[in-house]
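Each reported figure results from applying straightforward, stated rules to the coordinates on display, with no laboratory input. This is a predicted model, so every value here is computed, not measured.
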Amino acid sequence: MTKDMEKEPSRREFLKVTSIGAVSLATGGLLGSASGAEGKPQEATEEKNMELLFLGTGAANWPKKYPPPEKTLARGEVRGFSSMLVNGHILIDCGSTVLDVMKRYDVDPAGITDIVLTHTHADHLHEDSILAIANARDADLGPLKFWGDPEALKKVPDSDRIEKRPVGVEQTFSIEGFNITGLESNHLVEGSKEKCLIYLIEAASTSVLYATDAGWLLTSTWIYLRKKQLDAIIWDATCGEGSGDPRIFSHNDLTMIRHMNQTLARSKVLKPDAKIILTHIARRLHPAHDVLEKRLLPEGLIPAYEGMSVVLN
């Protein structure tokens with residue numbers, strides 16, 4: 001695959017179909033509404049599409065600042081801290097690079113209604129970025145809703161523009177047509193009592209598992225997922241091909257991901273055409289992005305990059 005170059009791109013100019021066609025990429029504006037939603041589980045409403053826009057695909061060892069829009073970058077040359085936007089208004093994790101990436105890909109932070117937190121490591125939780133998003137919203141729309149483990153929410157800044165909403169393990173809450181369930185992650189924030197979470201995101205006919213930061217799925221999480229059928233899974237892929245790296249006790253390498261994919265597919269948790277997407281990619285543990293694509297796309301593994309938009313329908 002040739003290396004796609006960005007030159008002062010607008011969001012519409014950038015999002016296009018890859019030459020291999022492994023990912024369905026959006027060609028228009030963001031989907032979804034910018035208004036708030038009730039927090040109690042509801043019957044999922046019919047959604048035409050679910051768009052997953054990657055606003056960061058890197059692990060914690062990437063720079064804390066993302067390059068400005070006028071700097072030309074190759075795909076995956078620089079990665080922001082892992083973050084994903086669902087249908088234009090639900091943000092998963094909010095590190096220090098997310099606003100810079102939003103600016104590059106024409107995403108208006110004022111459109112974000114909810115932030116969903118996996119855990120409180122610094123690359124996933126950045127106070128200034130959270131406050132900037134909260135303050136960008138029109139006050140008439142009400143506060144930004146911030147979801148996460150009750151202990152983790154203690155580290156979220158206090159503001160009358162932010163409404164903290166606790167999430168327990170295997171608790172389902174609703175945000176505008178999506179039911180979202182927090183599942184316990186095989187990850188740890190040392191010195192904290194919080195439970196790290198991954199998230200199952202379900203619409204009427206589409207289900208996605210966002211599984212980063214995490215290592216192997218915990219047994220309790222596997223038991224919960226056995227009843228589900230996934231259209232896509234986004235894996236933590238921190239450790240690359242791996243070779244005795246101690247980070248495998250709280251992150252995945254590619255061998256671990258391959259094993260889990262086989263099991264999930266045989267158990268029919270993964271649909272036959274499910275998209276397998278890799279994020280939280282560590283600097284220096286993976287080759288250049290174009291090399292990574294050539295190695296992994298033929299086996300159905302899609303390495304994510306900033307600005308990549310996957311549309312599920």
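For the range 216-225, just list the computed ³J(HN,Hα) in residue order, Karplus coefficients 6.51, -1.76 and 1.60, θ = phi - 60°, integers in Hz, with x standing in for Gly and Pro.
Using θ = phi - 60°, the values come out as 3, 4, 5, 4, 4, 5, 4, 4, 5, 6 Hz.
Can you tell me the length gained on complete extension of the stretch ALA288 to TRP222, counting 0.36 nm per residue apart and subtracting the Cα distance?
This chain segment gains 20.5 nm when fully extended.
Over all distinct alpha-carbon pairs, what is the Kirkwood Rh of the range 216-313 in angstrom?
That comes to 14.2 Å for the range 216-313.
Return the sequence-ordered ³J(HN,Hα) values of the range 301-313 in whole Hz as given by the Karplus equation 6.51 cos²θ - 1.76 cosθ + 1.60 applied to θ = phi - 60°, using x for Gly and Pro.
So the J values, rounded to whole Hz, are 9, 10, x, 6, 8, 4, x, 6, 10, 9, 10, 10, 8.
Apply the Karplus curve 6.51 cos²θ - 1.76 cosθ + 1.60, θ = phi - 60°, to the phi angles in the range 120-126 and return the couplings in whole Hz, x for Gly and Pro.
9, 4, 4, 7, 10, 9, 10
Cross-link list LYS145/LYS271; LYS228/LYS275; LYS154/LYS195; LYS193/LYS271; LYS145/LYS268: which exceed 24 angstrom alpha carbon to alpha carbon?
The answer is LYS145/LYS271; LYS193/LYS271; LYS145/LYS268.
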